[in-house]
1. Which order results if 120, 219, 107 are arranged by neighbouring Cβ count within 10 Å, fewest first?
2. Can you work out the Karplus-derived ³J(HN,Hα) for every residue in the stretch 93-103? Use 6.51 cos²θ - 1.76 cosθ + 1.60 with θ = phi - 60°, whole Hz, and x for glycine or proline.
3. Within the stretch 199-232, name every residue whose backbone N is under 12 Å away from a label modeled 7 Å from Cα of residue 141 along the Cβ vector.
4. Under 17 Å between alpha carbons, and skipping anything fewer than 8 positions from residue 175 in its own chain: which aspartates and glutamates qualify?
5. With an 8 Å Cα cut-off and a minimum separation of 6 or more residues, compute the relative contact order for the chain in percent.
6. Pairs of lysines 8 or more apart, or on different chains, with alpha carbons under 26 Å: count those in the stretch 5-82, would you?
7. Restricting to bridges with both residues inside the chain, how much of the DSSP beta-bridge set is antiparallel, in percent to the nearest 5?
8. Going down the list 246/450; 85/383; 371/416, which pairs span over 29 Å between their C-alpha atoms?
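Nothing in this text is a laboratory measurement; each read-out follows from the coordinates by a stated rule. Everything numeric in this text was worked out from a predicted model, so none of it was measured. No Cβ is skipped: glycine too gets one built from the backbone with ideal geometry, and neighbour counts run over all protein chains shown.
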Amino acid sequence: MNCGELINAVVKNDMCIGCGVCAAYCKSNSIEMKVNQYGFYTANPVGQCNCEGKCIKVCPFNPEPDELIKTEDEIAKVFLTETTKQHRKIGRYINTYVGFSLKHRAKSSSGGIATYTLTKLMQRGEIQHVISVKSDDNPNAHYEYSISSNIEELNNAAKTKYYPVTLAVALKKIKELDGKVAIVGVACFIKAIRLAQREDHYFQNKIGFLVGIICGGVKSTFFAEYLASKAGVSANEFSKPQFRIKDSTSTASDYSFGCLDKENSHKNIKMKAVGDMWGTGLFKANACDFCDDVTTELADISLGDAWLEPYSNDGLGTNVIVTRSTLADEIITNGNENGDLSIEILPESVFLNSQQGSFNHRHDGLGFRIKSKTDRANLIPPKRFDNVKISPLLKLIQLFRMKSRAKSLELWANNKSAVEFDNDISSCLFTLKFFTKINHYQRAILRRIKNIL
Ligand SMILES: Cc1cc2nc3c(=O)[nH]c(=O)nc-3n(C[C@H](O)[C@H](O)[C@H](O)COP(=O)(O)OP(=O)(O)OC[C@H]3O[C@@H](n4cnc5c(N)ncnc54)[C@H](O)[C@@H]3O)c2cc1C
């Protein structure tokens, strides 16, 4: 098969996450990224590629990777050579921390450590440019990956955007830049960059640092449209969506979505009023259900929300932090010493607790999800967590999650009204929530019994 056919097979199997690294890597420029009918970027082979099957090698969902880079474990061995610890769920690492940047926290999504780290890298001269996600002039997209070459531009890219983006254009442009770049990305994007670095020394030398964003799933453009509609703005008339508006008087999870309507007046809605958008899988990419990298294991530093008490009680937001290179660890420890950061060491077990929901879904349920795709299981890359022995209750939860994910995309593609959507998806969500609740009760009872014994 040539490159186009191999990439097409990934797209047809609904496993393309839209990272666009294949498009940036392809020497014959034969791959274009386009948004599909469900609001996700996917790769589209155009014309004849003469890369002799090489483009597929940088795909994070390549079903047949080389043995030496079969999973994140093998790739980490190549790149993360300075690590001192290893855990099967966290990957290779140096330290786990919790905390925030005093200066960047208020204008960031969690504790502002992503923007702080990138700022320090620029100030120290380790890198000269950053590829991160910000709003651009493109009328077809609210957010895009773009290049910042000074600290002011970099600060404008802070905050989490639950919005599909692709690296294709920005990554192609790095050839025009003097100096090194840092890139911010979720796990599958970071994996694709590592694969490109392994395949091509140019990327290896040019990309000096990777900031990993711990990710609970890539959302379609439909997610922003749905939230706008919930906030009272028509799905095709909103602009400037903001996904993480903090409430400093409340808890970290009590954030809002906001946007402008066509008169430029601001509308917003508390996410608690919208309901669970993560445990239900709504508007999520299919490929995310086949990713077992919860902590963005291949980055120099991995950052997430500290979804655990006492940190989650602080509405200003706090990061969990995993350092995986000495440069990353030095930036965090120096920042703490000089008073830029408020940081504590976070014991490994507490860090694991902060991402428990994601581990439950991505690790424990993965084997069953792969098995349920009997017709296409051979098109899923090798996985490290493929235990199929889960309880019948957990199997039901997985089935209904997959169903609600797929159904949310079909429904929204046909009718972009939140009122009708809520009505049409309600029975599916009701059943999913019912089984999930029983599971939570069961876990709580088992925990109590364990404590008594
Ligand atoms: C799609 C998605 C899902 C997430 N799910 C979880 C989760 O389940 N659990 C968890 O603990 N944390 C999750 N996060 C991470 C969390 O929301 C914060 O981004 C992270 O804690 C860093 O916070 P910060 O305050 O240090 O970042 P900031 O200082 O606010 O900087 C954020 C950086 O991320 C970049 N960025 C924004 N959107 C994207 C994007 N879509 N793709 C790549 N880069 C982007 C920005 O350009 C900026 O450089 C998710 C983030 C995203 C984008």
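1. Listing 120, 219, 107 from fewest to most nearby Cβ atoms yields 107, 120, 219.
2. In residue order, the calculated couplings are 7, 9, 8, 10, 9, 9, x, 7, 9, 4, 7 Hz.
3. Within reach of a label on residue 141, which here means backbone N under 12 Å from a point 7 Å along Cα→Cβ, the stretch 199-232 contributes 221.
4. 199, 200
5. It rounds to 19 percent for the chain.
6. Taking the stretch 5-82 as the scope, the lysine pair count is 14.
7. 75 percent
8. 246/450; 371/416
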